[in-house]
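Throughout, read-outs are computed from the coordinates displayed, never taken from laboratory work. Because the structure is a prediction, the values reported are computed rather than measured. Neighbour counts are summed over all protein chains in view; Cβ atoms, including those assigned to glycine, are modelled from backbone coordinates with ideal geometry.
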Amino acid sequence: MDFSPTETDLEVQRAARAYAQRVIAPRAHELSEGEIFPEAEVRGLAELGLMGVNVPSDLGGAEAGVVAYSLAMQEVAAACASTAVTMSVTNMVAEIITRFGTRDQAERHVPRLCSGEYVAGSFALSEPEAGSDPGGMRTTAKKTATGWVLDGQKQWITSGTHAGVFVVWARTGEPGTRGISCFLVEQGAKGLRIGKREDKLGLRASSTVPLAFEGCEVPDAALFGPQGGGFKIAMTALDGGRIGIASQACGIAAAALAAATDYARQRRAFDRPIGDFQAIQWMLADSRTELDAARALTLRAAWLKGRGQPFSREASMAKLFASEACNRACQKAVQVLGGYGYTREFPVERYLRDARVTTIYEGTSEIQRTVIARMLLA
Ligand SMILES: Cc1cc2nc3c(=O)[nH]c(=O)nc-3n(C[C@H](O)[C@H](O)[C@H](O)COP(=O)(O)OP(=O)(O)OC[C@H]3O[C@@H](n4cnc5c(N)ncnc54)[C@H](O)[C@@H]3O)c2cc1C
């Protein structure tokens, strides 16, 4: 197995790194503190082709593949995890519309997602009482003469304030996963109300909002994929999305490790740099080892997906390991910086807060373990 990056992968990585370090990183603290959505940064990413990295060029994508996407995501996340999650969800939405949409749906939405004309895309699966178990969703879509009427609540919708299009799951039939269908709902649709931004521990520049569908009428053409086939679309999207979040976790961990390493070289105690102490060295060594393992798992999943091979289990393993390793690396980085690590003066406290959600969204660690174990035991 050879999943070493190609020249295209490396070019995309270099472009993402240059933009992330020059434009995004210097503003990350301000965006987080001010809870400012990274609109300008996202448009800049779109100009570089990074809002549709694995999307065909005839739909406006970069057509650079999944490994390139993972490498770019790592670079952006190292600069600003909030910008990275906006990029991750938008890429996921562009990819699934390309894969499951009609030609008309794809031509209407995908070029706008890739070009930045839509600042973002949103993925509206979770509900106030259905997160890990989307089969328990209560949002309904009822057929009318000309289309569908959606009623219900969605919860935790990333970029909901700025999305041009929402992929929305709703029940059109029997209870459980078979009665779920999927719809494309445009921003401004009558009967769609965007709620107040959540006040979160981390990812404070990313907007996370509830959505209320109150007699929201959409045309027949909004049905996305086959009626009753929505759950499969959600699971397929999440498999790919988990590569995005694993990559985001690798990026945050890399930033935390770099900050801790720099500090260990400079900070002195007992007449020597703290990097001379074995206790500090071991924290840095463990973080580096786990980061490399996380990257290897993530690139393996990306490589398999790019080759059209099954990658569900590998994506769950990558997301599980990378998100947990990222949290450990951020905890250690704060420890290496001592009291300064606990202040806003250094970025490691933001990394720690941003890292926390990576074991929760796009399937909690418990759900990833369930997916992996189920495939093992099958
Ligand atoms: C910042 C943020 C952004 C998000 N963005 C989006 C988005 O854009 N779109 C979207 O649709 N959703 C989004 N989510 C929702 C996210 O995917 C859910 O929060 C997540 O799936 C968990 O669901 P829950 O919060 O309802 O927790 P629950 O499902 O209620 O879980 C609570 C606890 O129970 C555990 N648990 C549940 N079931 C099992 C089980 N079978 N076995 C063992 N343990 C179990 C969980 O692991 C967790 O520890 C976002 C969430 C956050 C916080």
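For the chain, the spread of Cα positions along the three principal axes, ordered from largest to smallest, is 80, 45, 39 Å.
Taking CYS80, CYS182, CYS216 in turn, the Gaussian network model of the chain (Cα-Cα springs below 10 Å) assigns the largest fluctuation to CYS216. Taking 19 Å as the limit for the C-alpha separation, the pairs LYS154/LYS200; LYS154/LYS196; LYS190/LYS232 exceed it in the case of LYS190/LYS232. Compared with the alpha-carbon gap, the fully stretched path from GLU214 to ARG307 is longer by 29.3 nm at 0.36 nm per residue.
FRET efficiency for the pair ARG14 and ASP262, taken as 1/(1 + (r/R0)^6) with r the Cβ-Cβ distance and R0 = 25 Å, rounds to 0.70. Quick one: Cα centre-to-centre distance for region 125-201 and region 1-59, in angstrom? About 28 Å separates the Cα centre of region 125-201 from the one of region 1-59.
Sorting 256-265, 204-213 by their mean Cβ neighbour count within 10 Å, with the most densely packed peptide first, gives 204-213, 256-265. Net charge in the neighbourhood of GLY228 (other residues with Cβ under 13 Å of its Cβ; Lys, Arg +1, Asp, Glu -1) is +3. With contacts taken as Cα pairs under 8 Å and at least 6 residues apart, region 231-377 reaches a relative contact order of 32 percent. A simple rule links phi to the HN-Hα coupling: the Karplus curve 6.51 cos²θ - 1.76 cosθ + 1.60 with θ = phi - 60°, which for region 284-300 gives 5, 5, 5, 5, 5, 5, 5, 5, 5, 5, 4, 5, 5, 5, 5, 5, 4 Hz, with x for Gly and Pro.
Taking 0.36 nm per residue of separation and subtracting the Cα-Cα distance, full extension of the segment from LEU377 to PHE270 would add 33.2 nm.
Working from label points 7 Å from Cα in the Cα-to-Cβ sense, the THR364 to ASP151 distance is 3.1 nm.
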